[in-house]
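Beneath this line is the structure, given in structure tokens, with notes to follow.
The values are calculated or read from the model by the stated rules, or taken from the named source; none is laboratory data. In this text, all values refer to a predicted model and were calculated from it rather than measured experimentally. Cβ: placed from backbone, ideal geometry, glycine included. Neighbour counts: every protein chain shown. These accessible areas exclude ligands, DNA and RNA; they are computed on the full protein's heavy atoms, side chains included. Shrake-Rupley method; radii C 1.70, N 1.55, O 1.52, S 1.80 Å.
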Amino acid sequence: GVFIDDANMFYAQRKAGWRIDYEKLRRMLAQSFDVQFMNYYLVMPSEKDTAYQKTQQFLAPFKRAFGNTLTLRTKQLKYIYDRGKEEWVKKGNVDSEVLLDVLDRLEELDTVLIMSGDSDYKALAHTLTKKGKKVLFAGFENNMAWELRQMKHVYLNRLRRELDSDNKKAPEQTGVPLLSI
């Protein structure tokens with residue numbers, strides 16, 4: 001099972017200056033793993049938010065490319081007024097949803113890939129390994145918490161040639177290094 005934390009990936013990709021092609025990622029993972037599903041966790045802005053249209057444009061290729069492999073899991077973005085700063089602050093976090101979904105599907109999983117650099121997932125990883133599951137983290141090197149660097153992980157920026165959405169070539173054989181992790 002693959003669990004993708006959009007907020008974490010979005011900001012890491014923006015900082016890196018390139019976007020992951022998730023269809024290429026799925027094909028790359030399929031070289032070494034029997035990928036049963038990919039859950040993509042996204043916080044959805046309200047229709048009044050200027051980010052709403054951009055989010056819809058971003059999601060359009062997902063709906064066409066993945067069919068039944070990728071499940072989009074969304075929740076509404078919260079808008080909280082900060083009285084100290086006298087401005088609206090956007091809040092959105094999917095860590096709890098990822099955690100609950102992993103635990104809910106635990107019996108059908110042998111390996112869990114969490115795409116995030118967020119240290120909040122460390123406790124989940126320890127729970128999974130105690131239950132005999134393999135856990136792998138994928139994230140960008142400059143965005144991965146040191147706690148996750150102590151665990152099995154792969155830096156996506158080192159796979160840019162294979163995963164960059166602007167690179168129209170098919171991904172190369174990278175399954176063997178992933179399997180060894």
Worksheet entry | Where the stretch 41-144 is the region considered: accessible area per residue in Å², 1.4 Å probe | 62 Å²
Worksheet entry | Farthest toward positive dipole pole in the chain [+1 Lys/Arg, -1 Asp/Glu at C-beta], among Ser46, Ile4, Leu163 | Leu163
Item to complete: Using only the C-alpha atoms of the chain, find the volume of their convex hull and express it per residue in Å³.
Response: 134 Å³
Practice prompt. Name the most mobile residue of Gly117, Gly84, Gly17, meaning the one with the largest mean-square fluctuation, in a Gaussian network model of the chain with Cα contacts below 10 Å.
Written response: Gly84
Item to complete: Give the relative contact order (percent, whole number) for the stretch 29-163; include only Cα pairs under 8 Å separated by 6+ residues.
Response: 17 percent
Practice prompt. Quick one: angle between helix 95-104 and the longest Cα principal axis of the chain, in degrees between 0 and 90, rounded to 10, please.
Written response: 40 degrees
Item to complete: For the stretch 116-163, just list the percent of Cα-Cα distances falling in each 10 Å bin from zero outward, please.
Response: 28, 50, 20, 2
Discussion item. Let's see if you can work this out: charge +1 on each Lys and Arg Cβ, -1 on each Asp and Glu Cβ, no other charges. What is the dipole magnitude of the chain about its Cα centre, in debye to the nearest 20?
Written reply: 320 debye
Worksheet item: For the stretch 1-100, what percent of Cα pairs sit more than 24 Å apart?
Response: 29 percent
Response to the item:
Mean shadow area (nm²) of the C-alpha convex hull around the stretch 53-149 is 8.8 nm²
Worksheet item: If you build a Gaussian network model of the chain, linking Cα atoms that sit under 10 Å apart, which residue out of Glu87, Glu23, Glu162 swings the most?
Response: Glu87
